[in-house]
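Chemist: Here's a structure for you.
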Amino acid sequence: MASRLVVEWTRLTVRIALADGDGARSRVRMIRSQTINSAGDIAGALRELLQDRPAGLNEVLAVIPREQVITRLVKFPATKSDELMQMVELYAKAQLPYPREQAVFDFHVVSQQDGFSMVAIVACQREVVDRQLAVLQAAGLSANALTVSSWGLLGWYRAAIAKRPIGEPCLVVNVDDSRTDLVLTAGGRVLSTRSVGQGVSDWQASGDGASLLAAEIDRSRAAIRKELPAGDIRTLVLTGMGPLAQWKDDIAQRLSLPVEIIDARQPFTDWTAPLNAAVSPVVVGGVACLEPKGLLNLSPVELKTERSQRRQLHELAMVGALFIGAMALGAGLLYQEIGRQRQAAAQLERALQELEPAAKRVQEHGRSAALVTSLLTARRHVADILANVFRSTPDTVALDAVNLEGGSRREVTIRGNAATMQDALTYLKRIQLLDGVVSAQLKYTSQRSTSIGERTDFEILARQK
């Protein structure tokens, strides 16, 4: 059963990949493509591809074209991830060509040496990300993360050369229907990326596609030499679409580089069906081969926060279940011990005066059992309240804090924000209907403007039974 869906589109086509497994065990089961109609209805084409999708999707990943992002190579005096994140944040605020609130960015480490890190900061305008998310929403999908097409080439390359020696650094060139991606990689890392707006038809229409493509590759090589003095290309891998085998010798001669042609389908041995539209499966299939934690993530902050909250809720539920199980097991063992003690006391009733200390211990065990039962009941009640609150929270509501007050008041305070006032009122009604809640009221609401529109902050006070 597929667990991961990857979605990508260009000016001409939409394509999806379905995969299961994680990391090295990931297997691409299906790749499909669909031509975008003259009206440019990307969501409609995507819905057609998803008509018979399998159930059980755990992740949805979307791909942003490389040409829609910018990259900056910066050297920082740090190697730890948290320190690098702080430095990247400061650099982005001061040096990116658009305001921080209008940008989404992430970074990846190119190299580390002598306490310094060479970092590539990848940034994208927020409106580009919002357009991607809007198309997915129109097609009935909710994205877990957005990455860049260059990482698809990295995933494809890792799978394609798993059992063959390749001289690195290696420049991977993927010729697609309307663009060509170029990625320099070595040691499993992305060193440099570039994309040009010419696809297979553009190269072929020129009548001399080999020389034009070789010129673009040479421009990339010159740029790489300026950015990374130690990143000189040793091998060129061509894949994707077009008469690459016919161009191979010409390109190799012009660039004085060893050139390898690898079939774009080669890493995807479980997928054999033809494509409806002629595309290169490298990017969409390559992203499906990578672990999500290894992808560059250009998701907006609120999407990252939402996914983090869901992950924390899942972890909390697991910890709670383990805790309750451990307490129940302890209580069972304790009750078993108390039963044995009482049976022994009944049998030795005639010697009660001689066993008075043992009888006192039995009484103490009884009080301990009552205390454990009381504690277990209280913890179970807390877990039930938290689980009900989180389970009743829809996607349109983001929680900021949930506070429980014990004692005689037995109140739960819920603070968060909703897309609209109506969403906040609807959420209040859900809380009122929860098991264990006697009453719930809205203490306050306020509206504020954010980069994605109006949000309604609220606080709900619920009283427990």
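Chemist: Give me the percent relative contact order of the chain, please, defined on Cα pairs under 8 angstrom at least 6 residues apart.
Modeler: It comes to 14 percent, rounded to a whole number.
Chemist: Considering lysine pairs in the chain that are 8 or more places apart or on different chains, how many have Cα atoms under 29 Å apart?
Modeler: Within the chain, the lysine pair count is 20.
Chemist: Using only the alpha carbons of segment 75-158, what is the convex hull's orientation-averaged projected area in square nanometres?
Modeler: 7.0
Chemist: Ok, one more. Ranking Met241, Met87, Met421, Met318 by Cβ neighbours within 10 Å, fewest first, what do you get? Show your work: numbers first, answer last.
Modeler: Working: Met241 21, Met87 18, Met421 13, Met318 10.
Exposure proxy ranking, most exposed first: Met318, Met421, Met87, Met241.
Chemist: Would you order Leu322, Leu434, Leu442, Leu298 from fewest to most other beta-carbon atoms within 10 Å of each residue's own beta-carbon? Spell out each step's value before the answer.
Modeler: Details: Leu322 10, Leu434 17, Leu442 14, Leu298 25.
Going from least to most buried by this count: Leu322, Leu442, Leu434, Leu298.
Chemist: In deg cm²/dmol and to the nearest 500, what is the mean residue ellipticity at 222 nm of the chain if only DSSP H runs of at least 4 residues count, each as -39500 (n - 2.57), divided by the residue total?
Modeler: The helix contribution divided over the chain gives -13500 deg cm²/dmol.
Chemist: Could you give each residue of segment 205-210 its phi-based ³J(HN,Hα) in whole Hz, using Karplus coefficients 6.51, -1.76, 1.60 with θ = phi - 60°, and x for Gly or Pro?
Modeler: 5, 5, x, 9, x, 4
Chemist: Would you please give the residues with an amide H less than 5 Å from that of Gly240, counting only those at least 5 places away or on a separate chain, with H modeled from the backbone geometry?
Modeler: Sorted by chain and number, the residues that satisfy this are Val175, Ala264.
Chemist: If you don't mind, there's one more thing I want to ask. Taking a temperature of 10 °C and a viscosity of 1.306 mPa s, what whole-number D in µm²/s does Stokes-Einstein yield for segment 1-90 with Rh from Kirkwood over alpha carbon pairs?
Modeler: 100
Chemist: In whole Hz and in residue order, list the ³J(HN,Hα) couplings for segment 119-128 that follow from phi through the Karplus curve 6.51 cos²θ - 1.76 cosθ + 1.60, θ = phi - 60°; x for Gly and Pro.
Modeler: Computed from phi, the couplings for segment 119-128 are 10, 9, 8, 10, 10, 9, 5, 4, 5, 5 Hz.
Chemist: For segment 4-299, what ratio Rg/Rh do Cα atoms give with a Kirkwood hydrodynamic radius?
Modeler: With Rg and the Kirkwood Rh in hand, the quotient comes to 0.95.
Chemist: If segment 95-211 were replaced by its equivalent ellipsoid, with semi-axes equal to the square roots of 5 times the Cα gyration tensor eigenvalues, what would those be, largest first, whole Å?
Modeler: They are 26, 24, 16 Å, listed from largest to smallest.
Chemist: Can you give me the pair-distance distribution of segment 229-275, C-alpha pairs, 10 Å bins, whole percents?
Modeler: 23, 41, 25, 10, 1
Chemist: Of the trypsin sites (Lys or Arg not before Pro) in segment 82-169, which ones lie in a loop per DSSP and count no more than 15 other C-beta atoms within 10 Å?
Modeler: Lys163
Chemist: Sorting Tyr444, Tyr335, Tyr157 on the 10 Å Cβ count, fewest up front, what's the list? Intermediate results must be reported in sequence, preceding the final value.
Modeler: Working: Tyr444 10, Tyr335 14, Tyr157 25.
By the 10 Å Cβ count, ascending: Tyr444, Tyr335, Tyr157.
Chemist: Work through the residues other than Tyr444 whose Cβ is under 11 Å from its Cβ and net out their charges, Lys, Arg +1 and Asp, Glu -1.
Modeler: Charge balance in the 11 Å sphere: 0.
Chemist: Then there is this: Can you list residues whose amide H is under 5 Å from Ile64's amide H, if they're 5+ apart or on another chain and H is modeled 1.01 Å from N?
Modeler: When sequence neighbours closer than 5 places are left aside, the close amide H contacts are Thr147, Val148, Ser149.
Chemist: Something else now. Would you mind classifying segment 392-465 by shape? Square roots of the alpha carbon gyration tensor eigenvalues, ordered a ≥ b ≥ c; an a/c under 1.5 is rounded, otherwise it is prolate if a/b is larger than b/c and oblate if not.
Modeler: Working: a/c = 2.53, a/b = 1.97, b/c = 1.28.
Because a/c hits 1.5 or more and a/b exceeds b/c, segment 392-465 counts as prolate.
Chemist: Can you compute the charge dipole magnitude of the chain about its Cα centre, using +1 on each Lys and Arg Cβ and -1 on each Asp and Glu Cβ, nothing else charged? Give it in debye, rounded to the nearest 20. Don't skip to the end; give the middle numbers.
Modeler: Details: 55 positive and 50 negative charges, 203 e Å.
Rounded to the nearest 20 debye, it is 980 debye.
Chemist: Still on this model: Note the angle between two axes, namely the Cα long axis of helix 149-160 and the longest principal axis of the Cα atoms of the chain, as a number of degrees from 0 to 90, rounded to the nearest 10.
Modeler: For 149-160 against the chain, the angle is about 90 degrees.
Chemist: Additional query: Per residue of segment 87-96, in order, report the coupling 6.51 cos²θ - 1.76 cosθ + 1.60 (Karplus, θ = phi - 60°) as ³J(HN,Hα) in whole Hz, putting x for Gly and Pro.
Modeler: 5, 5, 4, 5, 5, 4, 5, 8, 10, 5
Every read-out reported here was derived from the displayed coordinates using simple, explicitly stated rules and does not represent laboratory data. Remember, it's a predicted structure, so these values are computed and weren't measured experimentally. FYI the Cβ positions are ideal-geometry reconstructions off the backbone, even for glycines, and counts take in every protein chain you see.
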